[in-house]
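A.B. asks: One structure, as structure tokens, below. Some questions next.
The values are calculated or read from the model by the stated rules, or taken from the named source; none is laboratory data. Keep in mind it's a predicted model, so treat the numbers as computed, not measured. A quick note on method: Cβ atoms are made from the backbone with ideal geometry, for glycine too, and the neighbour counts reach across all protein chains shown. Protein only, heavy atoms only, side chains kept; ligands, DNA and RNA dropped before computing areas. Shrake-Rupley method; radii C 1.70, N 1.55, O 1.52, S 1.80 Å.
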Amino acid sequence: MSGTSRARILGRVRRALTDVPAYERPRDHPVARDYLRVHGQRTPAESAALLAARLTDYRASVHRTGADGLPALLRELLDRRGARRVVVPAGLPGTWTAGADAEVVVDRPALTARELDAVDSVVTGCALAVAETGTIVLDAGPDQGRRCVTLVPDHHICVVRTADQIVDSVPQALERLDPRRPLTWISGPSATSDIELDRVEGVHGPRALDVVLVAGGGAAPG
């Protein structure tokens, strides 16, 4: 954003606030938050099923496994994609990609966007997932890494623990997330449409998204 544009935007904000007393603070007028926090009651299994349905609607591919079957499933997904090189965050458990036929590249700050563009896939965990909206949320945790790691490669495999990482609604998600962290909200593969509604995928992020729902708690980062 240029200095001129910034000055113009801030000028509009100041003009909009001219009738607000200088002593007034945001907390002086509490915002009513009487909206529904969640639409209906669900069991954990029902929440996982709704998440899977929403993700499928967004053209993501959803897979289910137990913790013991995770490495084999990840290897299968990478092989199916024909991935030769896969990047992983430094905090991703090594057992997840053990035995993978692809070369595993551990992310580090020195890896540039150009170098990340040369890898075929990325495997990460997540901070949590929202069932009602079919959204995966990343917060740059140890098993998720830098934001660019999940935006540059064309194929993203994201692992979600069904036991403790699925919430029903966005309000529930916001209560658990730290707003000071860099949050990335993902609803399906990256896509956009032009004025004629022609869908183009892979514009702002991965063209393909595989979400692995892992039952039990054994898939937690080590």
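A.B. asks: Among Ala83, Ala129, Ala163, which is the only one that is closer than 30 Å to Gly40 by Cα, open to solvent by less than 50 Å² (accessible area, probe 1.4 Å) and of a type outside the set (Val, Ile, Thr)?
C.D. replies: Ala129
A.B. asks: Next question, about the same structure. Hey, can you tell me all the residues within segment 86-113 that are part of a loop (DSSP other than H, G, I, E, B), under 17 Å from Pro142 (Cα atoms) and open to solvent by 50 Å² or more (accessible area, probe 1.4 Å)?
C.D. replies: Ala90, Arg108, Pro109, Ala110
A.B. asks: Are any residues in segment 13-29 among the acidic types (Asp, Glu) and open to solvent by less than 100 Å² (accessible area, probe 1.4 Å), and if so, which ones?
C.D. replies: Glu24, Asp28, listed by residue number.
A.B. asks: Give the residue that is surrounded by the fewest Cβ atoms within 10 Å (Cβ to Cβ), with candidates limited to residues of segment 166-187 that are closer than 22 Å to Ala45 by Cα and free of Cβ contacts under 8 Å to residues at least 40 places away in the same chain.
C.D. replies: Glu175
A.B. asks: Residue check, Val200 against (1) part of a strand (DSSP E or B); (2) modelled with pLDDT of 95 or more, all met but one. Which one?
C.D. replies: (2)
A.B. asks: Something else: Which of the numbered conditions does Val137 fail, given that it passes all the others? Conditions: (1) without any contact (Cβ under 8 Å) to a residue 40 or more places away in the chain; (2) assigned to a strand (DSSP E or B); (3) open to solvent by less than 40 Å² (accessible area, probe 1.4 Å).
C.D. replies: Of (1) without any contact (Cβ under 8 Å) to a residue 40 or more places away in the chain; (2) assigned to a strand (DSSP E or B); (3) open to solvent by less than 40 Å² (accessible area, probe 1.4 Å), only one is false for Val137: (1).
A.B. asks: Moving to a separate point now. Could you identify the single residue in Gly40, Gly3 that is modelled with pLDDT under 90, on the phi > 0 side of the Ramachandran plot and surrounded by fewer than 14 Cβ atoms within 10 Å (Cβ to Cβ)?
C.D. replies: Gly40
A.B. asks: Look at segment 43-75 and say how many of its residues are open to solvent by 40 Å² or more (accessible area, probe 1.4 Å) and over 20 Å from Val167 (Cα atoms).
C.D. replies: 4
A.B. asks: In addition: Let me spell it out: the conditions are (1) more than 15 Å from Asp79 (Cα to Cα); (2) in contact with a strand residue (DSSP E or B) (Cβ under 6 Å, 6 or more places away or on another chain), and His156 meets all of them except one. Which number is the exception?
C.D. replies: Among (1) more than 15 Å from Asp79 (Cα to Cα); (2) in contact with a strand residue (DSSP E or B) (Cβ under 6 Å, 6 or more places away or on another chain), the lone unmet condition for His156 is (1).
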